[in-house]
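The values are calculated or read from the model by the stated rules, or taken from the named source; none is laboratory data. Because the structure is predicted, anything quoted here is derived from the model rather than measured. Glycine gets a Cβ as well: all are built from the backbone with ideal geometry, and neighbour counts include every protein chain shown. Remember, those area values only see protein heavy atoms, side chains included, never the ligands or the DNA or RNA. Shrake-Rupley method; radii C 1.70, N 1.55, O 1.52, S 1.80 Å.
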Amino acid sequence: MSRLLIVFLDMLRLRSGPQDLPASRGLMVVLAILYIAGGFMAGNVMSEPDYAPRAMVAIGVQFAFAILLLKFKGLADRIQQTISALAGTGFIFGMVSVYLLSLIDIEKPQVELVAFYMVLFFWSLTVDGHIFRHALSSKMGTGLLVAVTIFAINFVLLRLLFGQ
């Protein structure tokens with residue numbers, strides 16, 4: 001267990017990749033459930049009634065895009081490790097987000113909180129790009145392009161489905 005934690009912390013520092021995780025369906029499922037649960041926790045902190053379905057759609061799009069892309073590139077054997085990496089790092093970022101959201105006080109401006117949240121957002125995109133770079137055996141720019149494309153698809157899709 002501590003080895004997995006070290007791999008994920010190294011992934012957050014861009015020092016390891018999905019290939020450093022075991023190719024395990026069980027691990028992938030457990031991490032995906034944790035990732036989804038983290039999305040639900042964020043929704044509870046924000047008190048938004050449609051946050052759970054929004055989180056499910058966003059995570060579903062991310063996973064589906066990753067699976068389709070890896071299959072298209074002939075790299076289907078990397079799916080379990082890639083989904084595990086996305087879910088594990090997504091869960092960690094989600095927990096940090098939940099903590100930040102719990103600090104929000106709508107009565108006063110909190111510029112430093114907004115700034116930290118923006119850094120967290122860009123760091124998360126960078127980590128996703130790093131994961132896709134390794135999964136696709138490509139350059140970081142390609143990995144970042146994939147991560148930003150998934151974000152853009154999710155942004156548009158969530159607006160179409162849920163508004164705001």
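Worth a mention:
- Just one residue in the set Ala66, Ala52, Ala87 is closer than 21 Å to Phe151 by Cβ, touching a Gly at 6+ places or on another chain (Cβ under 6 Å) and assigned to a helix (DSSP H, G or I); that residue is Ala52.
- Residues that are hydrophobic (A, V, I, L, M, F, W, C), open to solvent by 40 Å² or more (accessible area, probe 1.4 Å), in contact with a helix residue (DSSP H, G or I) (Cβ under 6 Å, 6 or more places away or on another chain) and free of Cβ contacts under 8 Å to residues at least 60 places away in the same chain do not occur anywhere in region 78-87.
- Selected residue (criterion: farthest from Met95 (Cα to Cα)) from residues of region 55-66 that are surrounded by fewer than 19 Cβ atoms within 10 Å (Cβ to Cβ) and in contact (Cβ under 8 Å) with a residue 12 or more places away in the chain: Phe65
- Every residue from region 1-33 that is in contact with a Ser or Thr (Cβ under 6 Å, 6 or more places away or on another chain), closer than 15 Å to Gln80 by Cα and of a type in the set (A, V, I, L, M): Leu21, Leu27, Met28, Leu31
Condition check ((1) out of contact with any Phe, Trp or Tyr (no Cβ under 9 Å at 6 or more places or on another chain); (2) in contact (Cβ under 8 Å) with a residue 24 or more places away in the chain; (3) not in a helix (DSSP H, G or I); (4) not polar (S, T, N, Q)) across all residues:
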| position | (1), (2), (3), (4) |
| --- | --- |
| Ser97 | no, yes, no, no |
| Glu112 | yes, no, no, yes |
| Ser124 | no, yes, no, no |
| His130 | yes, yes, no, yes |
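- Of Gly163, Gly94, all but one fail to be within 12 Å of the chain's Cα centre (by Cα) and modelled with pLDDT under 95; the exception is Gly94.
- Filter result for Ile36 (in contact (Cβ under 8 Å) with a residue 12 or more places away in the chain, under 22 Å from Asn154 (Cα atoms), in a helix (DSSP H, G or I) and open to solvent by 30 Å² or more (accessible area, probe 1.4 Å)): yes
- If the condition is being crowded, with 19+ Cβ neighbours inside 10 Å, part of a helix (DSSP H, G or I) and over 14 Å from the mean Cα position of the chain (by Cα), then region 1-33 contributes only Val7.
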